[in-house]
Structure formats: structure tokens, C-alpha cells
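The values are calculated or read from the model by the stated rules, or taken from the named source; none is laboratory data. Fair warning: this is a prediction, and the values are worked out from it, not measured in the lab. As a convention, Cβ positions derive from the backbone with ideal geometry for all residues, glycine included, and neighbour counts pool all protein chains shown.
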Amino acid sequence: MKKYLIIILAVGATIIGATSCKKNFLAEVPYSSYAPVTLADSLGFEAALVGLYNQHSTWLTYSSNQGYHCLFQVGTDVANSTANQQGIEVPYYNYATLTSADAGSQYTWSKYYTLINNANNIIDQVEGPNVKGVTVGKKRIDAEARFFRAFAYDFLATLYGSVPLVTHALTAPKTDYVRAPLTDVNAQIVTDLTFALTYLPDVGAVGAKVNPTTGLPASRANKWMAYQLLAQVYLRSGQYALAETTAQAIINSSKFSLVSSRFGSYTSVGGDYYSDIFKYGNQRRSQGNPEVIWTLEQENPSTLAGGNTDNAQQRRIWGAAYYNIAGMSLADSLGGRGVARMRISNWVIYGLYGANDIRNSQYNLKRRYYYNNPASTYASIYGKQVPYAGADTLFKICPSIMKWGQFDPNDTFGYAMIKDFILMRLGETYLLLAEAQLQQGKTAAAAATINVLHTRAGAAQVSASQMTLDYILDERARELIGEENRRMTLARTGTLVTRALRLNANDAQHPITGLTSINMLLPIPLNDIQLNKDAVLTQNPGY
């Protein structure tokens, strides 16, 4: 397999200077290049496409600043930072400190423009006149790259609003970026996704490891991923009838089904059918999970070199540090080793779930801990409940979700997490559909859609009179806590300020302060504004 240079796009220029006057120092010796590497054949295009999955994976598994992924949960309605925070989280609940120099915003912006540039390189070349060595599958290659470009632009547009629209790979330093109207960005996303859902292959059968249409791994992009993202984009842009039709297409395809009975590798141990969805070894369609639309697969690096792109922190940031309490030992049933860099909000703990909702079972939301070390030292307390007492309850035995729980005996310290990432599943499709129906005034239809999820969860049925946007956002938290990017959801629906202040403003340790409508969008990174010397890259208001 050929090696390919990943070209990193930053909105600005890299300036390389020479300070010596000696002639040999005047000779140009480029150590990097903006010029795309030519993709000569099918193998080259396939390697470049795999690079898009890798690029997105490196965002999900980023560990250099372990608190980074807390940015998308703390300071919203569902989570708070703890005493075990890293520092990068602070501007996302103490909003007065969120400025254009923010490291989290800079990293997010750069990461997704890199993904866009890499996708553009594939699109330019597969659509170009000089493409050679690809006799079949050109449309599928194009569609896969366009899906990722659309995915990245939707991410940026949701968090930043209007952004520079770049549809060709960078071939030279560029310092004259301007923000395109949001309508233009949305139109490009819709164009890309419409192409993608037309030319991406159908999903394979449950349990199949290879897609029979392409001969590629079943984990590669399928048309229903494009449908799911397009439904979300239509909601964000106010095209509710189209969002309804698009979400219905997934549900009516009969390709996916909600898990409602136990399956997979853990049926002989404690659990329930909802928790089975998220168990290590159960998360892929090829492993028998009929609900997943897109799973970004990771492999255990101890058994497959290079199987994990970094050291994913989701288990650590969501999971409790219970093992720091005398009489407690690490256990797979308790989610392995977490450090609780954030914890779910009191609203989630005390106000979100109704009676008998399986999503609130002990296998999905751990509320009570019991001493589990049988050593003689702890014989008198073994099996008894650990009391909630003192400030350490805010991260050592704080209630925590179990979706990221996983214990690797090869890594008892638990620095890395080797679970897959379920990025799209049918449970969310129903929520997108209900939202689209509600926004058109179809409250009875929205209630019927929500009741499909409630039937699966064993929760009480709801009526049309209960259908409001707030209720659907509550339901998204019940169904998708720990999975969805909550900041993006609340930004997309314009509800970040009202919901965060109403439901989560009184945290005892790190209360939300300084939150105003300014913070509905993130700041455009100052570094990119300053490097963009030949045009004005405008800042979001208030920053």
C-alpha cells in the first residue's frame, strides 16, 4: 500500500523564513508541501478514504488534553465539571473566560478543516480529468469523501455559524479566507449528502463482516449514514418536512431495528437489552447489533498494532473513580477505571427519568456502589453500600453512565479505552423524526414516534399535549446521554442558554456563570484571524 501525505489545512499561512545570508541557505529545501499527492489507482483512493476515518478517529480518541471532550457536555444541561478537571473545560461553564484564544475552539476548528481538506483532495482527483487506474467505483469513492466533507461542515456550521467554504484541496498558502453565508454552507452540505445517499452502497446484513456490494469492510460508509446526517441538517436549517421524510426513509427501510431483547457476548451476566447495545464486542452490526447505522471501529492495540489511533478518554471522563475508596476494587461490572473529569448533572440524576425506564437501570446509570473487596481488612463492610458522604462523592462515587464502561485486563490502569464509537443508531433516528413532526405542528405523530422509544424502554406512554421541543430534548438526554454531542444539539436547537440556566445553573462545585446568547456559537480562533492577512475573517459577535 502506498504512503500518502496528510495535508493539514489551517485557515492561515505557514511562514518559513531563513535568517542566514550564506548562499547555501538560500536554496529552497521544502520540508512540507501544500500540493496534494497524486492518487494514481484504486488502492491509492482506498488508502486516502481510510485516512478520513483515521482523521475523525483521532478527534474522538484525542488524549493530549484529557478534558477536551468534556467541552461538549459541561456547561450544558447534562453535565458538570469536577475537582478532577484538566482546565481546558473552564471556559465552557465559566463562560466569561471563553475568548477567541480558547484552546478547545482552536483544536476543534483545525481538526475539522483538516478533515475537509483531506476529503477535498479525494474529490478533486476522483472527479478530475486525469484520474487513472480506477475503472469502477468512482461514484462510490466520490460519495464517501463527500459524506465526510458534509459531516465536517455540519460540525463547524453548528458550532460556529457561517464559516469559510472550501471545496478544493489547498495547493498553496492561503491568507484571504472569508466566511460564506450559512445558506451557502448548508446548500453545499445538502448537495454532498444527496450525492452520497445516491451513490453510497446499501448496508449489509446484520452479522456480515463484508459489504457484498463493495467487497469492503461492513464498517465503511453506507447510504443510511448520509440519510441520518441529512435529516439533522434539514432540522438545523428549518426544512422540517424534508427532515421528516428523510428520517422516515431510514425507519421504513427495514434495514435496522431497535434492540428489545438481550443479545451478544454478555447475556450470561447481569445486564439488560439496552445495556447490551453498548457492550464491548456488541457495538458493531457485524457483531449482531441491528440498531447501529454507523460504528467507528477501534481495535485493541495489544492484539492489533495500530488498531487504536490514540488513547480515548471517554470512559475516564464519564466514569467514577470508585476504586479510590477503601474497600473498593476495579471491576468490569462497575465500568472499569474512570476518573470522573465530569459528572452528570443533578437534573439528570433526580429529574430526568420516570419509573421503570430501562435506560435508568443499574446497568445503564450507576447510582449505588457496594464494597466489593473481599480481603479480610474489609470483611466487615464487604457487600454493604458505600455511603454518600463528603466532597469526594462528586467524583469518586458520583452517579455515572455505563455506556463507556469497559475493563481491559491488559491495561488495568485504564489509560486507554478500546471500545468502538457508535456514532449513529436508530434510537436517534426516531428522535430526529419526532422533532421534525413537532416543528410542523404534528404533535400526535410526534407522540406516537416518541412512544416507540418508550415502549422499548418500558417507560410510560406520552400524549400529544406533552409534545414540546423541551420534551424532545429531555428525551434525547434519556436516550442519548453520553453518546450525543450535547453542546451541538443545544446549539442546533437554539436552547443552550435557556436549558443550561434553567436546569443546571446551581452546581455546588462548578456552577455555570456568565452564559449569554453570545455563547450559542463558539469563537472563531484568534490565531486564524490573525494569520488571514489578505482578507477579514470576521469574529462571532461578543468575542
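Against the numbered list (1) among the hydroxyl-bearing types (S, T, Y); (2) surrounded by fewer than 22 Cβ atoms within 10 Å (Cβ to Cβ); (3) in contact with an Asp or Glu (Cβ under 9 Å, 6 or more places away or on another chain), S345 comes up short only at (2).
For (1) out of contact with any Lys or Arg (no Cβ under 9 Å at 6 or more places or on another chain); (2) under 23 Å from Y68 (Cα atoms); (3) surrounded by 22 or more Cβ atoms within 10 Å (Cβ to Cβ), each residue gets a yes or a no:
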position	(1), (2), (3)
T303	yes, no, no
T309	yes, yes, no
R315	no, yes, yes
S333	yes, no, no
R341	no, yes, yes
Q362	no, no, no
A379	yes, no, no
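Under the condition of being among the β-branched types (V, I, T) and not in a loop (DSSP other than H, G, I, E, B), the residues counted in the stretch 68-98 number 3.
Answer yes or no: is there a residue in the stretch 235-244 that is more than 15 Å from Y153 (Cα to Cα), part of a loop (DSSP other than H, G, I, E, B), under 21 Å from the mean Cα position of the chain (by Cα) and not aliphatic (A, V, I, L, M). For the stretch 235-244, residues more than 15 Å from Y153 (Cα to Cα), part of a loop (DSSP other than H, G, I, E, B), under 21 Å from the mean Cα position of the chain (by Cα) and not aliphatic (A, V, I, L, M): absent.
Of the residues making up the stretch 391-439, those that are among the polar types (S, T, N, Q) and not in a helix (DSSP H, G or I) number 4. Taken together, the residues in the stretch 105-133 that are over 17 Å from L156 (Cα atoms) and crowded, with 18+ Cβ neighbours inside 10 Å amount to 5. Among the residues making up the stretch 458-502, those that are part of a loop (DSSP other than H, G, I, E, B) and farther than 28 Å from Y273 by Cα are T468, T493, G494, T495. Only one entry of G12, G75, G67, G51 meets the criterion of being modelled with pLDDT of 80 or more and at positive phi, and that entry is G75. Filtered by the rule that a residue be over 14 Å from V259 (Cβ atoms) and assigned to a helix (DSSP H, G or I), the stretch 440-457 gives T443, A444, A445, A446, A447, A448, T449, I450, N451, H454. Of all the numbered requirements in (1) more than 22 Å from the chain's Cα centre (by Cα); (2) on the phi > 0 side of the Ramachandran plot; (3) touching a residue at least 12 places away in the same chain (Cβ under 8 Å), G414 misses one, and that requirement is (1). Counting only residues that are surrounded by fewer than 16 Cβ atoms within 10 Å (Cβ to Cβ) and assigned to a loop (DSSP other than H, G, I, E, B), the stretch 162-211 holds 14 of them. Flag: A305 does not match the condition of being touching a Leu at 6+ places or on another chain (Cβ under 9 Å), at pLDDT below 95 and either of a type in the set (A, V, I, L, M) or farther than 19 Å from A79 by Cα (or both).
One residue alone among A145, A150, A247, A221 is in contact with an Asp or Glu (Cβ under 8 Å, 6 or more places away or on another chain), buried (at least 24 other Cβ atoms within 10 Å of the Cβ) and not in a loop (DSSP other than H, G, I, E, B), and that residue is A150. Look at (1) free of Cβ contacts under 8 Å to residues at least 12 places away in the same chain; (2) in contact with a helix residue (DSSP H, G or I) (Cβ under 6 Å, 6 or more places away or on another chain); (3) aliphatic (A, V, I, L, M) and you find that A205 fails only one, number (2). Scanning the stretch 503-543 for residues that are in contact (Cβ under 8 Å) with a residue 60 or more places away in the chain, part of a helix (DSSP H, G or I) and either over 20 Å from G104 (Cβ atoms) or among the polar types (S, T, N, Q) (or both) yields L503, N504, N519, N527, Q530. Going through (1) at pLDDT 70 or above; (2) assigned to a loop (DSSP other than H, G, I, E, B) one by one, Y31 falls short only on (1). Scanning the stretch 301-326 for residues that are outside any loop (DSSP other than H, G, I, E, B) and of a type in the set (S, T, N, Q) yields Q314, N324.
Given (1) within 24 Å of the chain's Cα centre (by Cα); (2) more than 19 Å from G51 (Cα to Cα); (3) outside the structural domain of Q539 (by TED's automatic domain parsing), where does G161 come up short, assuming only one miss? With (1) within 24 Å of the chain's Cα centre (by Cα); (2) more than 19 Å from G51 (Cα to Cα); (3) outside the structural domain of Q539 (by TED's automatic domain parsing) applied to G161, the lone miss is (3). If you go through the stretch 329-349 and keep only what is hydroxyl-bearing (S, T, Y) and either at pLDDT 95 or above or touching a helix residue (DSSP H, G or I) at 6+ places or on another chain (Cβ under 9 Å) (or both), you end up with S329, S345.
Among the residues making up the stretch 283-300, those that are in a strand (DSSP E or B) and under 18 Å from F263 (Cβ atoms) are V292, I293, T295. Residues in the stretch 38-67 that are of a type in the set (A, V, I, L, M) and assigned to a loop (DSSP other than H, G, I, E, B) were compared, and the one that is nearest to Y112 (Cα to Cα) is L39. Considering only residues of the stretch 381-409 that are in contact with a strand residue (DSSP E or B) (Cβ under 7 Å, 6 or more places away or on another chain) and surrounded by 17 or more Cβ atoms within 10 Å (Cβ to Cβ), which is modelled with the lowest pLDDT? Taking the candidates together, the pick is L394. Note on the stretch 95-104: among residues that are surrounded by fewer than 18 Cβ atoms within 10 Å (Cβ to Cβ) and farther than 15 Å from Y160 by Cβ, the one that is nearest to the chain's Cα centre (by Cα) is A103. Restricting the first member to the stretch 324-338 and to residues that are at positive phi, and the second to residues that are among the basic types (K, R), the beta-carbon pairs closer than 8 Å and six or more apart or on different chains are G335/R315; G335/K366; G336/R315. Set side by side, the residues I116, I122 differ, and just one is assigned by TED's automatic domain parsing to the domain that holds T61, assigned to a helix (DSSP H, G or I) and over 23 Å from the mean Cα position of the chain (by Cα), which is I122.
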